[in-house]
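Worksheet: one structure, shown below.
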Amino acid sequence: MKKTKFALGVLAVLLCGSADARNGEVKMREGTITLPAYRVNAPEKAPLFERDFAYQRAKRGVYPYAMNDNPTNEKADTTYRALFLENDYLEVCVLPDIGGRLFYATDKTNGYEIFYRQHVIKPANVGMLGAWISGGVEWNVFHHHRATSQYPIDYKLVDNGDGSKTIWVGEVEKRHRMSWAIGMTLYPDRSYIEVKGRFFNNSPDRNSMLHWNNVATHANENYQIVFPENTEFGTFHHKNSFMRWPVPDAPYCGNPDYIGKDVSYWRNLPALMGGSVFVYDLQDDFIGGYDYGKNAGTMLAGNRHINKGGKFWTWGHMNYGHEWDCKTLTDEDGAYVELMTAAYSDNQPDYCWLNPYETKEFTAYWYGIRDLKHVNRGNEHATVNMEIGADGRLHLAANVTRIRPDARIVVRRGGKTLYETTALIAPDKPFAADTKVPAAEVAEPSEVTMYLYDSEGNELISYHPYKLDRTKPMPDPVVPLNPDPKSVENTEEVYYLGMRNLQFHNAHVDPNDYFFEVVRRDPGDVRANTQLGIHYRKQGDFARAKKHLRTALKRQTANQTRVSDGESMYNLGLILKAEGKYADAVDTLYRAAWDYEYASAAYFQLAQISSLTGDSGRALQEAQMAVAYNGMNLDARNLLTTLLRRSGRQEEAARIAADVVAFDPLNYYATYELVRMGKLPEETFARLLRGVSESYLELALYYMNNGFGDETDDILARSESIAPYPTVEYYQAWRADARGDRAAAGRLFAKAEAGSTDYVYPFRLETVAVYEKALEYMPGSANTWYYLGNLYFQKQPARAMECWEKAVELRPDFAMALRNLGWGSFFFAGDCPAAAEWYRKAIEADREGNAIFLAECDEILERMNAPLQTRYELFAGREALYEKRYDSETKAIKQRILHGEYEEVLRPLLTRFYSRREHIEDLHDIYVDACLLSGLKARKDGDDRKALKYMLMMNEYPENHGYAHLEYYARDAQVYYNIGLAYERVGDRRNARKYFKMASQVEVRDADGIYNYEKALAMRKIDPKAPVGDMLRKIVETGEAGVTDYVQRFFESFGYGEYPEDVNARAYYMQGIGHKALGDENRAAECFRKALEQRNDHLWANYYLGTIR
C-alpha cells in the first residue's frame, strides 16, 4: 500500500505537523527498516491440535494457528514495516510485522539503548508456535510467549490532539476470541514511553488470561537487576521454590550454586540456573536494571497493585548461555537479560479471570536512566539514589522524566533537615551532589529519607534505605496440585483444585476429573455442575451441557428461590439462544440479568436476540442496559451503534463509534461503522484489517450474531475480493442459502470445497452449522468433512473422528485426514496400533512431503515399544523427507544408531544445520552416542588410531549444532574416560592419565548416577586401590529406588514429560550398569533386559547387553 495514499483523507490529521521533532514536538511516521534476517521455512500445514504438551508451564495451544518451527541458517537482507516515534529525548521503533515488538528505544540524551537492540532478525525455536526472536519488548498477552509474537499484527498511528502521539498494536486472538491492544505514547516534554495495555474479552465466556511484557536489556559483567529494596524473597515458576533476595542462603530450585552470591548481578548468576526469579509480593512501583560500565540503565514503573509482576530471566553468563543469547539468537549484539513486568499476574503461570465482555487495562512508564551510580527507587516522575557513608558522606543523584525547574532535594532524619538544595533537573540534566553530614545523624540509614519535590512543593519521589529481616521464614512453596480426586477428603477442596487447574491451563491435568468427583459425591452440587455445563457448552455438546446446568439450577431455585449467582442461568441462556429457542432463551437470560455480575453480558445477549428477531426497539433498550451495567462492554456499544445508525440516528451512532475507537483504536467493528457513515475513509478500514481473511471473517460474524445480514455480506465480499479463502466462501454460500438463493449457495459451496485445505483451520462453533448446510448440498465433499473434523477435534473428538473417517471414505488418499485419524486414535482413543496404521496410510498417501508425519508416527511406535526394525524402516530411504524437520531427523538418526549406522550418521551430524529448540537438549548426546559407538567399533576392529579420533570428537561441539559445553555435564565422565582408554591403547600414557584424572573429577549428581560408572573406572585407572565400592553400590541403589508406576508431571515446563516406562528403563539400566561395574554380569544382564522391556530403544542397555551375551 503506497504511503502517499496513507496520507489522504482523515488520516492525514494523524501525521500533520510531525515532520520535525524539534521545539518539543513528537514526530510519528510509518516507514521501513531493512535488516539481515534468517529465513524461516514455511509453517507446517498439519493442524497441531491440543495434547498433553506443556509450554511455559501451561498447556501449549497451537491450533488454530500454524506451527512455525523450522528456522534456517540462510541470511538475506529483509525489509519490514516500521513505526517510529521521536521527541527530544527518545527515538522509538516498533515492528508490526514481528508481533508489534517494540524493537528499540534510544535515549537521545546519552545514546543508551533502553532495551536490547538487535541488528539482525535471527529466530530460534523459543515461541509457542516455534520461531521467536530476542530483543526489544515482546507483548505476551493471554499466554506466554504469545502465539503470534513472530507474526504480523494490527496497528494504528494516532495523534491524540494534546501534542502526544501513540502507536497502537494488537489483534483479535483466535484461541479464545479475545482481543488486546498495546499503546506506546510519547509526549513532547517527557522522557518516558507511556505504555497502555487493554485486554478485551469479546466472548460470552469467562476466560482466564496471563499478561507479561517481555523487556530485554543488554547485559554484561557490569549489569545489575534492580528489584525494590523491600523485596524479601524471589520465587520460581509456579512459586515452587523460594530464595532470599538478593543473596540466597539455601539452594534455589535444588541448585546450591546460588548460595552466598548477590544474584542481582548478572555476572554472579549460576551458569546452569533455574533461569527465572520473580519478585515475591512486589511492594513498590518499579523494577529496573543498571549498567555500571555505562552509568545508564532502564526504569520500568507502574502501579504495583495492577502491574503486580516483576521478574528477570537469563540464559546464564557462561558457555551454555553465551551460545544461546550471543550466537543462536543474534550475530553480534551480545548477551541480554529479560526484565519482565506483568499486569494482573505475578508469576508464570499465574492467570487471572476475565469475565464476559470485561475489559482490563494497565498503564506503565518506561524510560532510560543515567549518571546515578546506583538505583534505589523509581516511579513515573523520577529515579533516585542516595548512598550513605559511615563517616556521614552522602551521594545524592536524581533523574526526572520532564523538566523540573527549581526542583528541591531534601534529606531528613525524622523532622530534622540534614541537607537541602534547589536545582534545575531535566531528562538531559541529571542531578548529582556529594555532601557530608554528622555521622551520628546517619548511623541508622533506615531513618534517613531523601525527598524530591517540584517547584510547587509536590513530592515527586522519596526514598529511605530498607532494612530486611533475614530471619523471616520463607513462604511455603506450591506443591503439585493434581492429587487423585478421590483421595481429597474435603469436597470443596476437590472443586477448587479443579478450578485452579482450569484457571492455570495445566497441560497434564484435566480439571473435569475434579468436577466429576464432586458430582459423584453430590450429584446436585451447584458449582461443579455449572463448570461441567460450561465445559460442554463451549464444546458444542448442548445436551450434556443443559443436563448439568439444569441440575445446578434445580438446587439453586428449590423452594421458589431466585438465584443469587447467575452463572448457571446465563450459560443455559447461551445454549438456548444458540439452539434458536429464543423465547426460552429470553426468559432465562432476563433471570440471569438479575445478578449484577452477569447483567451486562445477559442484556447484550438479549439485545442480540431482539435484533435477530427484528425487534430493533427492544434491542436498543437492552443494548443500552448492557452498556449501563458495563461501560467498557465494547461489543454492546458496537451493537448500539448499528441499531442507532439503522434507525436513522446517525450522529448518535457516530459519537458512540468514535468513543469506541478512541478507547480501542484497533476495533474493527467501530471502524467499519465510521466508514459506513462516511466519517472515515475506506482506506482506514482496509489498512486496519490488512487483508487478513480471518479478521474479516471475525468481523462478519460479529454482525451476523447481531442480526445484520447486509453488513455481514458486505464484509465477506470485501474479504473475498482481496484473496479467496474457503471459510469465507462457505459463509457466503450459507448466507446465500439463508436468502433462498440455492443456485448461488450451491455455486459458492462448490467453490469453497474446491479450494486448498492448506492453513484452513476452522475453530468457531458458529461454523458447524455452515458445514452441515454445505453437506446438505454436497454430502460427498471430503474437504467439508475434513474441515468439520478439524473444528470438532478440540471440542468433541469422537465426532471429529467420525468426520475424518467419512473424509477418507470419500477420498482414500486424503493424507491429512488420514494423519488426523492417527492423531485422534493416539491422543484421544489411546489406540496405538490403530494410530500407527493410520499414520502408515497417511505417509504412503502423502505427496507434499510432510516430514512431521514421520516424527509423529515414530512417537506412537515408541509408546508401543514397537520392534526397532519397524521404526528403522519408517525412516529408511526417506532422508530427503525427514531432513526437513529437526524432530523427524533426530528421531531418524537415533534409529540409525540403534541399527549400527554409527559412522554414517556422523556425516549429516557434522554438515547439516540444526535449529536450536528451547528445552530440547538431545542433539549433543546423539552426537556423542554416534562418536562413542564409532570409536568402540573401531577399537573392536583393531583400529585404535581411528578409535582415538572418534573418542576425541566426543569432546567437540560442532558449530552447526549451536551447542556449547555445559558447566555441569555429568556425561563428561564417560567422555573423558573413553578418551583416556583410547590414548592408553595407542601407548600415550601421559594423555591417558590426563583424561582419566579429568573423568575422576567430574561432578556427578544422583540423578545422573549412571556416569559414576565411568568415573569409578577412571579412579581405578589412576589408583587401582581407589575406594569406589560405595560409589558403585550407590548406582544400584539409586536405580532400585527409581522404579515407579507414577511420574509427577504437574510442574512440567516444556513437552509431554516422561512416562513411567521412560523412568523405569533408566532405573533398570542404572541398576545394570552398577552390577556390571561390581562384576555381577548375570544380574547386570537381567537388569538390562528389564530396561529393554520398558523401552526397547534404550541405546546403552542394548549395547551392554550385547557385550555380555
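Where strands (runs of 3 or more DSSP E) sit wholly within region 340-422, those with at least 3 residues that are among the hydroxyl-bearing types (Ser, Thr, Tyr) occupy 359-370.
Taking region 1059-1109 as the range and being of a type in the set (Val, Ile, Thr) and in contact with a helix residue (DSSP H, G or I) (Cβ under 6 Å, 6 or more places away or on another chain) as the test, the residues that pass are Ile1073, Ile1108. Restricting attention to region 131-170, the residues being hydroxyl-bearing (Ser, Thr, Tyr) and closer than 23 Å to Tyr886 by Cβ number 4.
Rundown of residues vs (1) outside any helix (DSSP H, G or I); (2) surrounded by fewer than 24 Cβ atoms within 10 Å (Cβ to Cβ); (3) among the hydrophobic types (A, V, I, L, M, F, W, C); (4) without any contact (Cβ under 8 Å) to a residue 24 or more places away in the chain, yes/no style:
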| residue | (1), (2), (3), (4) |
| --- | --- |
| Leu85 | yes, no, yes, no |
| Glu91 | yes, yes, no, yes |
| Tyr104 | yes, yes, no, no |
| Arg117 | yes, yes, no, no |
| Gly135 | yes, no, no, no |
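Residue by residue, here is whether (1) within 21 Å of Ala296 (Cβ to Cβ); (2) charged (D, E, K, R); (3) surrounded by fewer than 22 Cβ atoms within 10 Å (Cβ to Cβ); (4) more than 26 Å from the chain's Cα centre (by Cα) holds:
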residue: Trp168; (1), (2), (3), (4): no, no, no, no
residue: Glu173; (1), (2), (3), (4): no, yes, no, no
residue: Ile182; (1), (2), (3), (4): no, no, no, no
residue: Glu194; (1), (2), (3), (4): yes, yes, yes, no
residue: Met209; (1), (2), (3), (4): no, no, no, no
residue: Ile225; (1), (2), (3), (4): yes, no, no, no
residue: Phe233; (1), (2), (3), (4): no, no, yes, no
residue: Met243; (1), (2), (3), (4): no, no, no, no
residue: Asp249; (1), (2), (3), (4): no, yes, yes, yes
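The set of residues in region 177-207 being under 30 Å from Lys577 (Cβ atoms) and outside any strand (DSSP E or B) consists of Arg177, Met178, Asn201, Asn202, Ser203, Pro204, Asp205, Arg206. Taking the listed residues Ser915, Ser888, the one that is in a loop (DSSP other than H, G, I, E, B), under 29 Å from the mean Cα position of the chain (by Cα) and hydroxyl-bearing (Ser, Thr, Tyr) is Ser915, with no other qualifying.
If you filter region 627-638 down to residues that are touching a helix residue (DSSP H, G or I) at 6+ places or on another chain (Cβ under 6 Å) and free of Cβ contacts under 8 Å to residues at least 60 places away in the same chain, you find that the one that is farthest from Asn202 (Cα to Cα) is Tyr629. Looking only at region 319-339, which residues are hydrophobic (A, V, I, L, M, F, W, C) and assigned to a loop (DSSP other than H, G, I, E, B)? Matches in region 319-339: Leu329, Ala335.
Yes/no matrix, rows are residues, columns are (1) surrounded by fewer than 19 Cβ atoms within 10 Å (Cβ to Cβ); (2) among the small types (Gly, Ala, Ser); (3) at pLDDT 95 or above:
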{"residue": "Asn23", "(1), (2), (3)": "yes, no, no"}
{"residue": "Thr32", "(1), (2), (3)": "yes, no, yes"}
{"residue": "Arg39", "(1), (2), (3)": "yes, no, yes"}
{"residue": "Arg57", "(1), (2), (3)": "no, no, no"}
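Annotation note: of Ala66, Ala76, the sole residue that is surrounded by fewer than 23 Cβ atoms within 10 Å (Cβ to Cβ), in a strand (DSSP E or B) and not aromatic (Phe, Trp, Tyr) is Ala76.
Reported count of residues in region 231-275, each being closer than 21 Å to Asn220 by Cβ and among the polar types (S, T, N, Q), is 2. Listed here are the helices (runs of 4 or more DSSP H) enclosed by region 734-853 that have at least 2 residues being over 30 Å from the mean Cα position of the chain (by Cα) and not aliphatic (A, V, I, L, M): 742-754, 766-777, 782-793, 797-810, 832-845. Any idea how many residues of region 869-896 are touching an Asp or Glu at 6+ places or on another chain (Cβ under 6 Å) and either assigned by TED's automatic domain parsing to the domain that holds Glu1093 or surrounded by fewer than 19 Cβ atoms within 10 Å (Cβ to Cβ) (or both)? Qualifying residue count, region 869-896: 1.
Assess whether Lys1021 counts as being of a type outside the set (S, T, N, Q), over 42 Å from the mean Cα position of the chain (by Cα) and modelled with pLDDT of 95 or more. Yes; evaluated as a whole, the condition is true for this residue.
Considering only residues in region 1077-1100 that are within 37 Å of the chain's Cα centre (by Cα) and of a type in the set (A, V, I, L, M), the one that is farthest from Val1036 (Cα to Cα) turns out to be Leu1099. Of the residues screened, Thr109 is one that is among the β-branched types (Val, Ile, Thr), in contact with a Phe, Trp or Tyr (Cβ under 8 Å, 6 or more places away or on another chain) and part of a loop (DSSP other than H, G, I, E, B). Looking only at region 968-981, decide whether some residue is surrounded by fewer than 16 Cβ atoms within 10 Å (Cβ to Cβ), touching a residue at least 12 places away in the same chain (Cβ under 8 Å) and outside the structural domain of Ala124 (by TED's automatic domain parsing). No: region 968-981 contains no residue that is surrounded by fewer than 16 Cβ atoms within 10 Å (Cβ to Cβ), touching a residue at least 12 places away in the same chain (Cβ under 8 Å) and outside the structural domain of Ala124 (by TED's automatic domain parsing).
Of everything in region 944-978 that is in contact with an Asp or Glu (Cβ under 7 Å, 6 or more places away or on another chain) and of a type in the set (Phe, Trp, Tyr), the residue that is farthest from Thr330 (Cα to Cα) is Tyr977. The set of residues in region 1067-1084 being buried (at least 18 other Cβ atoms within 10 Å of the Cβ) and without any contact (Cβ under 8 Å) to a residue 40 or more places away in the chain consists of Ala1067, Tyr1068, Gln1071, Gly1072, His1075, Ala1084. Exactly one residue among Lys311, Lys373 is touching a residue at least 24 places away in the same chain (Cβ under 8 Å), more than 27 Å from Asp189 (Cβ to Cβ) and basic (Lys, Arg), and that residue is Lys311.
The values are calculated or read from the model by the stated rules, or taken from the named source; none is laboratory data. Please read these numbers as outputs of a predicted model, since none were measured by experiment. As a convention, Cβ positions derive from the backbone with ideal geometry for all residues, glycine included, and neighbour counts pool all protein chains shown.
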